[in-house]
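Asker: The structure under discussion is supplied below as structure tokens; questions concerning it will follow.
The values are calculated or read from the model by the stated rules, or taken from the named source; none is laboratory data. Since the structure is predicted, the reported quantities are computational estimates derived from the model, not experimental observations. Here the Cβ is made from the backbone with ideal geometry for all residues, glycine too, and neighbour counts use every protein chain on show. Areas reflect the complete protein model, heavy atoms only, side chains present, ligands, DNA and RNA absent. Shrake-Rupley method; radii C 1.70, N 1.55, O 1.52, S 1.80 Å.
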Amino acid sequence: MDLKRSAARSAAALIAAGLAGSLLAVPASAENTAPELEWGPCPADVVTDPLPVQCAVVPVPVDYSDPDGAQLDLTISRLASQHPEQRRGVLLLNPGGPGGSGLSFGADLASRGLPASVLDSYDLIGMDTRGVGHSSPVSCGFTDEQARYGNIPPYAADDAPVTERAEEVRVIAEQCDQHDDGRLSSLTTANMARDLDRIRAALGEEQASFYGASYGSALGAAYASMFPERADRVVLDSNIGDTALDRDGMRRFALGAEQAFPDFAAWVAQRGDSYGLGGTPEEVRRTYFDLAERLDAHPFAGVDGAQFRLATFVGLYAESTYGRTAQLWQSLRDSDEGAVRAQQLAGSDTSALDNSLSVFLAVTCNDVPWPEDVETYRRDVAADRAEFPLFGAAAANVLPCAFWAHEPAEPRVPVRADGPENVLIVQNRRDPVTPHRGGELLREKFGDRARLVSADEAGHGAYVLGGNACVLDVATTFLVAGERPAQDLSCPAAG
């Protein structure tokens with residue numbers, strides 16, 4: 001799930017430590033079957049110009065308990081170090097998801113200002129994880145209507161929409177099962193971590209470093225836990241808080257919205273003469289609720305209260321989107337139908353999300369058990385609507401996981417506190433989708449293996465993706481020189 005990308009385009013766990021031992025037996029097979037990679041041009045839709053990115057294919061088992069059985073082809077990318085004398089290894093990358101394409105992520109980070117010292121030290125290895133894009137893609141056959149909220153459930157203004165949503169997602173779950181060719185149940189975080197180690201072996205490396213953001217933090221935590229001696233330097237950014245996105249993780253979106261919204265409200269209030277949405281943060285917050293309630297009662301230009309709340313939530317991801325979000329509020333306040341439609345709130349081609357949403361559901365539903373009783377969702381929606389009025393009644397709403405055809409094949413990957421002290425957790429304090437609590441939870445689970453670097457910033461993405469100089473310096477020093485802070489660190493706000 002690329003939480004940011006999927007939501008924006010649509011307007012949108014191994015409990016016993018002993019089980020890790022069986023997972024650690026997998027790499028021997030990976031070493032023995034490492035293929036010779038053939039590097040060449042990347043698929044035409046992977047935009048990396050002008051950087052010299054190449055792609056290759058790595059075969060992996062559908063089922064790691066049957067390594068010689070059916071295989072999947074994973075497409076990976078490489079932005080190679082241009083200074084071999086400084087190169088120290090490979091840096092595996094994941095931009096989030098599950099379901100986000102990562103073939104261009106190395107080039108994306110380079111274009112966003114990834115320091116030259118990191119580019120010189122590593123070959124950047126992007127990838128489409130299993131089931132995604134150019135890696136044996138899967139599909140649930142989502143329609144435009146089914147995909148309009150992306151991977152985040154719609155806000156339920158009262159109890160009735162929860163019941164309605166339950167019926168909608170029941171259909172989606174059945175649809176996924178009908179489209180399944182036998183591979184859907186193999187899409188798990190544990191298997192994707194095993195795939196990472198196959199990729200490492202195929203690259204001829206004894207160890208691999210890792211950088212992942214959002215859901216990528218869960219995948220990186222799983223890799224560092226399943227393969228502690230194979231993982232080199234691990235940077236986990238904008239953290240879910242575990243090795244899987246579970247119901248608690250989804251419900252924390254509501255906490256994140258409450259923590260991040262004041263930054264947006266203050267920004268809008270400072271520009272009160274321009275936007276007219278309130279001269280104080282309190283007035284801006286009241287405007288939000290006024291607009292949401294008005295649209296609950298009277299949708300306008302195809303926009304209802306749930307879509308308005310989702311668009312605002314997505315607008316909290318970065319300060320760069322604040323102005324566009326304020327524009328949308330203005331257009332809705334003024335009943336300017338042309339302006340609302342021009343902003344394409346619901347997205348122009350939500351059917352293009354079919355693959356990413358299908359992978360998101362498969363991994364999220366396969367990793368952990370989800371409540372199957374709709375009454376549980378009704379109760380939680382009511383509780384979170386009261387506690388987190390901005391977005392709680394969306395984050396707690398029902399997912400297709402409640403009706404998923406497959407039970408988890410194995411427990412979620414346990415975060416291992418025993419292992420090399422090689423994990424750096426970076427986290428904004430006011431992240432709307434992966435709030436600071438996720439970083440704290442992962443730090444607690446890793447123990448002394450990890451250090452937590454907290455930035456006094458709002459937004460989703462801290463290292464390179466954010467603008468905090470302290471986080472940039474600390475994480476770069478760790479990746480290049482292997483030096484971590486002696487203890488957890490708080491970074492002041494940029495500027």
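Asker: Let me have the 222 nm mean residue ellipticity of the chain computed from DSSP H runs of 4+ only, each contributing -39500 (n - 2.57), with the sum over all residues rounded to the nearest 500. Could you put the intermediate results ahead of the total?
Answerer: Values: 20 runs with 213 residues, N = 495.
Result for the chain: -13000 deg cm²/dmol, rounded to the nearest 500.
Asker: Could you tally the net charge around Glu421, taking each other residue with its Cβ under 9 Å from the Cβ of Glu421, Lys/Arg +1 and Asp/Glu -1? Each step should come with its number before you reach the end.
Answerer: Values: positive: Arg449, Arg451, Arg484; negative: Asp448.
With Lys, Arg at +1 and Asp, Glu at -1, the neighbours total +2.
Asker: Related question: In a shell of Cβ-Cβ distance under 14 Å around Leu79, excluding Leu79 itself, what net charge do Lys and Arg (+1) and Asp and Glu (-1) give? Don't jump to the answer; show the numbers that get you there.
Answerer: Details: positive: Arg78, Arg87, Arg112; negative: Asp49, Asp108, Asp120, Asp123.
Taking every other residue near Leu79 into account, the sum is -1.
Asker: List every residue whose amide H lies under 5 Å from the amide H of Gln71, counting only residues 5 or more places away in sequence or on a different chain, with H placed 1.01 Å from N in the peptide plane.
Answerer: For Gln71, whose amide H was placed from the backbone, the distant partners under 5 Å are Val62.
Asker: Give me the net charge of Asp488's neighbourhood, meaning all other residues with Cβ under 12 Å from the Cβ of Asp488; Lys, Arg count +1, Asp, Glu -1.
Answerer: Net charge around Asp488: 0.
Asker: I've got another one for you. At 7 Å along Cα-to-Cβ for each site, give me the label-to-label distance between Arg87 and Leu51 in nm.
Answerer: The two pseudo-label positions are separated by 1.6 nm.
Asker: Compute the distance from the alpha-carbon center of region 131-162 to that of region 265-318, in whole Å.
Answerer: Result: 24 Å between the Cα centres.
Asker: Let me ask another. Measuring with a 1.4 Å probe in the full set of protein chains, what accessible area per residue, in whole Å², belongs to the chain?
Answerer: 37
Asker: OK, next. Report, to the nearest whole %, how much of the accessible area of region 300-456 belongs to carbon and sulfur atoms, 1.4 Å probe, protein only. Each step should come with its number before you reach the end.
Answerer: Working: 2430 of 5360 Å².
Its accessible area is 45 percent carbon and sulfur atoms.
Asker: For the chain, with equal point scatterers placed on the C-alpha atoms only and solvent neglected, what are the log10 I(q)/I(0) values from the Debye formula at q = 0.06, 0.08 1/Å, to two decimals?
Answerer: -0.25, -0.46
Asker: Roughly to the nearest percent, how much of the accessible area of region 148-229 is carbon and sulfur, given a 1.4 Å probe?
Answerer: In region 148-229, the share of accessible area belonging to carbon and sulfur is 42 percent.
Asker: If ligands, DNA and RNA are left out, what is the accessible area of Leu51 with a 1.4 Å probe, given in Å² to the nearest 10?
Answerer: Ignoring ligands and nucleic acids, Leu51 comes out at about 60 Å².
Asker: Within region 289-312, list the residues whose amide N lies under 16 Å from a label point set 7 Å along Cα→Cβ of Ala160.
Answerer: 293-299, 304-306
Asker: Could you pull out every residue, at least 5 positions away or on a different chain, whose amide H is within less than 5 Å of the one on Gly466? Hs are placed 1.01 Å off N in the peptide plane, and Pro or chain starts have none.
Answerer: Placed amide hydrogens put nothing under 5 Å from Gly466.
Asker: Let me ask something else. Give me the distance between the Cα centres of region 167-182 and region 352-371, rounded to whole Å.
Answerer: What the calculation gives is 11 Å, centre to centre.
Asker: Above 19 Å lies some portion of the pair distances; for region 337-495, what is it as a whole percent of all C-alpha pairs?
Answerer: Result for the distance tail: 71 percent.
Asker: Using only the alpha carbon atoms of region 178-299, find the Kirkwood hydrodynamic radius as the inverse mean reciprocal pair distance, in angstroms to one decimal. Spell out each step's value before the answer.
Answerer: Numbers: mean 1/r = 0.0554 Å⁻¹.
In region 178-299 this quantity evaluates to 18.0 Å.
Asker: Now for a separate question. Of the listed peptides 414-425, 226-237, 479-490, what is their order by residue-averaged count of other C-beta atoms within 10 Å, with the highest listed first?
Answerer: Values: 414-425: 20.0, 226-237: 24.1, 479-490: 13.7.
Going by the mean number of other Cβ atoms within 10 Å, highest first, we get 226-237, 414-425, 479-490.
Asker: Got a sec? What order do His179, His406 fall in by accessible area at 1.4 Å, biggest, i.e. largest, first?
Answerer: I get His179, His406, largest accessible area first.
Asker: Between Arg170 and Glu483, what length comes free when the chain is fully extended (0.36 nm per residue of separation minus the Cα-Cα distance, one decimal in nm)?
Answerer: My answer for the length gained is 107.8 nm.
Asker: Oh, and also: Excluding ligands and nucleic acids, what accessible area in Å² is computed for Arg437 using a 1.4 Å probe, to the nearest 10?
Answerer: About 90 Å², rounded to the nearest 10.
Asker: How big is the gap, in Å, between the Cα center of region 414-452 and the Cα center of region 92-116?
Answerer: If we compute the Cα centre of each part, the gap is 20 Å.
Asker: OK, next. Decide, for region 66-201, between rounded, prolate and oblate: order the square roots of the alpha carbon gyration tensor eigenvalues as a ≥ b ≥ c, take rounded if a/c falls under 1.5, and otherwise choose prolate if a/b is larger than b/c, else oblate.
Answerer: oblate
Asker: Need the full-extension length gain, Asp248 to Asp373, defined as separation in residues times 0.36 nm minus the C-alpha distance. One decimal, nm.
Answerer: So the chain would gain 43.4 nm between Asp248 and Asp373.
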